[in-house]
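Participant: This is the structure, below, for whatever I ask next.
Computed from the coordinates by the stated procedures, all read-outs in this text should not be read as laboratory data. Being a predicted model, the structure only gives us computed values, none of them experimental. Quick reminder, even Gly has a Cβ in these numbers, built from the backbone with ideal geometry, and neighbours come from all protein chains shown.
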Amino acid sequence: MIWTIKVTLVAGAYATSPCVRVFEMDSDTCLEDLHFLIQKTVRFDDDHLHDFFVARTVRSSERIPVDDENGDLDDTTLADLFPLPKNRKLFYYFDYGDSWTFEISRTRKAPFAAVPGINYPVLIEKIGKNPKQYP
């Protein structure tokens, strides 16, 4: 199934303006592929560690790391995570020094079957400029 996924920048050392990207993507997309998609979309260099976690808020001390039993993100898909537990959100954390953090949410748009001939994921909405990783 194809889901509509919203990626919103919520924190970062040089975050100065809103940055939201909305995608249509397969629910079986693994988190490692989502990492690369975000990197490509905001034009960051993939030169730092990254992680995904579930928490109430971006600053919550109660964070649940998301990975499989081997510490990989290749086997964990969006469908494995959503729906999230009540009052929890999924976050993508990149660069432990500059602390770039994006909230990943599934929109209310109904899932649909993949349209033949379309190569998913597809960027369908772009709000704001890309943040500057190294100003």
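Participant: Find, to one decimal place in angstroms, the Kirkwood hydrodynamic radius of the stretch 2-78, where the mean of 1/r is taken over every pair of different Cα atoms and then inverted. Intermediate results must be reported in sequence, preceding the final value.
Facilitator: Numbers: mean 1/r = 0.0721 Å⁻¹.
Its Kirkwood hydrodynamic radius stands at 13.9 Å.
Participant: With mean projected area of the Cα convex hull in nm² defined as stated, name the option among [x] 8.5; [y] 9.1; [z] 7.9 computed from the structure displayed.
Facilitator: Read-out from the structure maps to [x].
Participant: Evaluated at 20 °C with a viscosity of 1.002 mPa s, what Stokes-Einstein diffusion coefficient in µm²/s does the stretch 60-127 have when Rh comes from the Kirkwood expression over alpha-carbon pairs? Provide the component values of the computation, followed by the final result.
Facilitator: Values: Rh = 14.9 Å.
The estimated diffusion coefficient comes to 144 µm²/s.
Participant: Something else now. Treating the beta-carbon of each Lys and Arg as +1 and of each Asp and Glu as -1, no other charges, what is the dipole magnitude of the chain about its Cα centre, to the nearest 20 debye? Show your work: numbers first, answer last.
Facilitator: Details: 16 positive and 21 negative charges, 230 e Å.
That gives the chain a dipole magnitude of about 1100 debye.
Participant: Build a GNM of the chain with springs between Cα atoms under 10 Å: which of ARG43, ARG108, ARG88 gets the top mean-square fluctuation?
Facilitator: Taking springs between Cα atoms under 10 Å, the residue moving most is ARG108.
Participant: For the stretch 53-135, run through the GluC sites (Glu not before Pro) and keep only the ones in DSSP coil with at most 13 other Cβ atoms within 10 Å of their Cβ. Provide the component values of the computation, followed by the final result.
Facilitator: Values: sites: GLU62, GLU69, GLU103, GLU125; in loops: GLU62, GLU69.
Within the stretch 53-135, the qualifying GluC sites (Glu not before Pro) (loop, at most 13 other Cβ atoms within 10 Å) are GLU62, GLU69.
Participant: Which lysines, if any, have their Cα less than 23 Å from the Cα of LYS86, not counting same-chain residues under 8 positions apart?
Facilitator: LYS6, LYS109
Participant: Any idea how far the Cα center of the stretch 1-56 sits from the one of the stretch 65-128, in Å?
Facilitator: Each part's Cα centre sits 7 Å from the other's.
Participant: For the stretch 29-126, state which chymotrypsin sites (Phe, Trp or Tyr not before Pro) are in a DSSP loop and have at most 16 other beta carbons lying within 10 Å of their beta carbon.
Facilitator: On the way: sites: PHE36, PHE44, PHE52, PHE53, PHE91, TYR92, TYR93, PHE94, TYR96, TRP100, PHE102, PHE112; in loops: PHE44, TYR96.
Passing both the DSSP loop test and the Cβ count: TYR96.
Participant: What is the Å³ per residue value for the convex hull set by the Cα atoms of the stretch 89-135?
Facilitator: Working: hull volume 6.1 nm³, N = 47.
Considering the Cα atoms of the stretch 89-135, their hull volume per residue is 130 Å³.
Participant: Nearest 500 deg cm²/dmol is fine: what mean residue ellipticity at 222 nm does the chain get from its DSSP H runs of n ≥ 4 alone, each adding -39,500 (n - 2.57), divided by its residue count? All intermediate terms of the calculation are to be shown ahead of the outcome.
Facilitator: Details: 2 runs with 16 residues, N = 135.
One gets -3000 deg cm²/dmol as the mean residue ellipticity at 222 nm.
Participant: Pick from PRO83, PRO18, PRO116 the residue whose mean-square fluctuation is largest in a GNM of the chain, springs joining Cα atoms under 10 Å.
Facilitator: PRO116
Participant: Quick one: among LYS89, LYS109, LYS40, which has the greatest mean-square fluctuation in a GNM of the chain with alpha-carbon springs under 10 angstrom?
Facilitator: Of LYS89, LYS109, LYS40, the most mobile in the Gaussian network model is LYS109.
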